[in-house]
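Colleague: I am attaching a structure below and will ask some questions about it afterwards.
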Amino acid sequence: MKQYLPLIAIIVLIITMFSCKENIPEKTEKPIEHTLNFVKTKGTKLVDDQGNEITLKGTNLGNWLVPEGYMFKMGQVNAPRKIDELLYELVGPDSLQVFWKGFLNNYITHNDIKYLKSIGVNHLRLPFHYKMFTDDLYMGERNAGFKYFDRLIDWCREEQLYILLDMHCAPGGQTGDNIDDSYGYPYLFKSKSSQDLMTEIWVKIAERYKNEPVIIGYDLVNEPIAHYFEDELDNLNHQLFLLYSRIIKEIREVDAKHTIFLNGSVWSTNFDVFEELVDSNVVYEFHKYWFDVKQEEIQDYIDFRDKHQVPIYIGETGENTDEWVNDFRTLLDKNEVNWCFWPYKKMNNPKGIMNFNQPEDYHLIIEYAESDRSSFAKIRENRPDILKVQNALNQYLENSLYKNNFVNKGYTKGLSFKVD
């Protein structure tokens, strides 16, 4: 590999150049006057401080702070740490760190936020990994959560968009599957140290943003408890309810203003977890994918809303045809359900608002992800040409920039957002 080292150094420099092509605005020294007001619940509605009703219509900034294998087209390499490991095997630690820096700077920029505001989006759901608030190395950085939160908040304040903070990956894992970077079981509900850390992180976030109206609320944990554990569901539901109650109580000691969003269990479909209503400023959240669009598919959530006189919100849905997206969005609007479709942006995929091209040599990464990596011998045998991989990653960073993206017009029209 020695003959590659000078070239690799040059390529690392090229990646750095790519990652800086769309400059991140510096934090302004003069405070920006914000006109967004705090949002709270009022019966089944959400209202601002002036009493104006708000129906949430938005999209998830998926894959940015929580990389997902299917969006990187890596198949079973489908959790953040597995993606990181695969890329480490392909390009080594220095190039990997530079790639993550470029990815974090390029994938979502101020221009993306300007665009989303221009088409009619009124809020963004931001998935994040708990490791962004720890000393763990995550996407090439440690304790970087507030750096990226503050950056997005500045952009959204300028564009007048609300942000919902979503802990997509909790300590110990809340699902026992890939989406929360867990280890095959929802150990969050068996681990006091994990629950302590999760609570500590949310309190830290609440302390920082207690006076920030751009934050519409705190989505405490995404899609807790996978369906694989339904034989334990009664106990896990109770543990989740106790954890919700604890975190809300501790958040309220430092932040009495922000709305709390609570997911149902079993991938956020099961509202049995809500043994009682523990706070007056809570939105109850469900997620739902891949079904025939019929009123009965959402009726249980409508009934819960009407019975308890609380707002409901579908925090994730989509990943379907343009026609399906239009039909389901229409049904949600008819029933006055707050919604947020998944996701905003993907590579070479029409099932989202925004799209970008797959690099020419990126198939090498896909093929390696599908290969046998069970031993060091197999890793060496199946690893593709490092220069071609580096080129593909360079081009990925460039293609993911807003200026090189293109709109999935049918999908966006289906959401009733503006299409030029």
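Colleague: Nearest 10 degrees is fine. How inclined is helix 386-400 to the longest principal axis of the chain, computing both from alpha carbons?
Modeller: Taking Cα atoms only, the helix is inclined about 40 degrees.
Colleague: Please list, in order along region 174-181, the HN-Hα scalar couplings obtained from phi with the Karplus expression 6.51 cos²θ - 1.76 cosθ + 1.60 (θ = phi - 60°), rounded to whole Hz, x for Gly and Pro.
Modeller: Running phi through 6.51 cos²θ - 1.76 cosθ + 1.60 with θ = phi - 60° gives 9, 10, x, 9, 6, 5, 10, 6 Hz.
Colleague: Relative to 2.2 N^0.38 Å, what does the C-alpha radius of gyration of the chain come to as a ratio? Two decimals please. Numbers along the way, then the final one.
Modeller: Working: Rg = 21.3 Å, N = 420, 2.2 N^0.38 = 21.8 Å.
Rg over 2.2 N^0.38 Å, computed on Cα atoms: 0.97.
Colleague: Hey, how much of the P(r) for region 314-365 falls beyond 14 Å, as a percent of Cα pairs?
Modeller: Working: 781 of 1326 pairs.
So the portion of pairs separated by more than 14 Å is 59 percent.
Colleague: Moving on. Roughly how big is the chain's charge dipole about its Cα centre, with Cβ charges of +1 (Lys, Arg) and -1 (Asp, Glu), in debye to the nearest 20?
Modeller: Details: 47 positive and 64 negative charges, 239 e Å.
Its charge dipole is roughly 1140 debye.
Colleague: Quick check for me: using +1 on Lys/Arg Cβ and -1 on Asp/Glu Cβ, what's the dipole size of region 376-420 about its Cα centre, in debye to the nearest 20?
Modeller: On the way: 8 positive and 4 negative charges, 26 e Å.
That gives a dipole near 120 debye.
Colleague: For Ser374 and Lys294 in the same chain, what is the full-extension length gain: residue separation times 0.36 nm, less their Cα-Cα distance, in nm? All intermediate terms of the calculation are to be shown ahead of the outcome.
Modeller: Values: separation 80, 0.36 × 80 = 28.80 nm, distance 4.49 nm.
Value of the extension gain: 24.3 nm.
Colleague: If I fit a long axis through the Cα atoms of helix 322-334 and take the longest principal axis of the Cα atoms of the chain, what angle between them do I get, 0 to 90°, rounded to 10?
Modeller: Result, in degrees: 20.
Colleague: Would you mind checking which residues have amide H under 5 Å from Phe261's amide H? H placed 1.01 Å from N; only 5 or more apart, or other chain.
Modeller: Tyr218, Asp219, Leu220, Val283
Colleague: Also, quick follow-up: Work out from phi, with θ = phi - 60° and the Karplus expression 6.51 cos²θ - 1.76 cosθ + 1.60, the ³J(HN,Hα) of each residue of region 278-293, listed in order in whole Hz, and give x for Gly and Pro.
Modeller: 3J(HN,Hα) across region 278-293, in whole Hz: 9, 7, 8, 10, 10, 9, 9, 10, 10, 10, 7, 10, 6, 7, 6, 6.
Colleague: Listed highest first by mean packing, meaning other Cβ atoms within 10 Å per residue, what order do 399-409, 155-165, 123-133 come in? All intermediate terms of the calculation are to be shown ahead of the outcome.
Modeller: Values: 399-409: 17.1, 155-165: 21.4, 123-133: 24.4.
Highest-to-lowest ranking by the protection proxy: 123-133, 155-165, 399-409.
Colleague: While we're on this one: Counting only other residues whose beta carbon sits under 11 Å from that of Asp135, what net charge do I get with K and R as +1, D and E as -1? Don't skip to the answer; put the middle values down first.
Modeller: Details: positive: Lys131, Arg142; negative: Asp136, Glu141.
Net charge in that neighbourhood comes out at 0.
Colleague: May I pose another question? Could you pull out every one of the aspartates and glutamates with an alpha carbon less than 13 Å from that of Lys345, ignoring same-chain neighbours closer than 8 positions?
Modeller: Partners within reach: Glu68, Asp112, Glu319.
Colleague: By how many degrees, between 0 and 90 and to the nearest 10, does the Cα long axis of helix 110-119 differ from the longest principal axis of the chain?
Modeller: The angle comes out near 50 degrees.
Colleague: Related question: What are the GluC sites (Glu not before Pro) within region 207-258 that DSSP puts in a loop, where the Cβ has at most 14 other Cβ atoms within 10 Å? Before the final figure, lay out the partial values.
Modeller: On the way: sites: Glu207, Glu230, Glu232, Glu250, Glu253; in loops: Glu253.
Sparse-neighbourhood loop GluC sites (Glu not before Pro): Glu253.
Colleague: Under a 5 Å amide H to amide H cut-off, with H placed in plane at 1.01 Å, what residues pair with Arg125 once short-range neighbours are removed?
Modeller: Under 5 Å from the amide H of Arg125 lie the amide H atoms of Thr59, Asn60, Leu61, Leu164, each far enough along the sequence or on another chain.
Colleague: Given region 215-321, what whole percent of its Cα pairs are spread farther than 19 Å? The partial results should precede the final answer.
Modeller: Numbers: 2583 of 5671 pairs.
Considering region 215-321, 46 percent of its Cα-Cα pairs are separated by more than 19 Å.
Colleague: Continuing with the same structure: Would you work out the relative contact order for the chain, in percent, from Cα pairs under 8 angstrom that are 6 or more residues apart? Spell out each step's value before the answer.
Modeller: Values: 763 pairs, mean separation 80.4, N = 420.
About 19 percent, as a whole number.
Colleague: For region 86-94, take each phi angle, set θ = phi - 60°, evaluate the Karplus expression 6.51 cos²θ - 1.76 cosθ + 1.60, and give the result in whole Hz per residue in order, putting x for glycine and proline.
Modeller: Result, ordered by residue: 4, 5, 4, 4, 7, 10, x, x, 5 Hz.
Here, each number is a calculation from the coordinates, and none is a lab measurement. Worth saying up front: this structure is predicted, and the values here are computed from it rather than measured. Cβ coordinates were reconstructed from backbone atoms using ideal geometry, including for glycine residues, and neighbour counts include every protein chain displayed.
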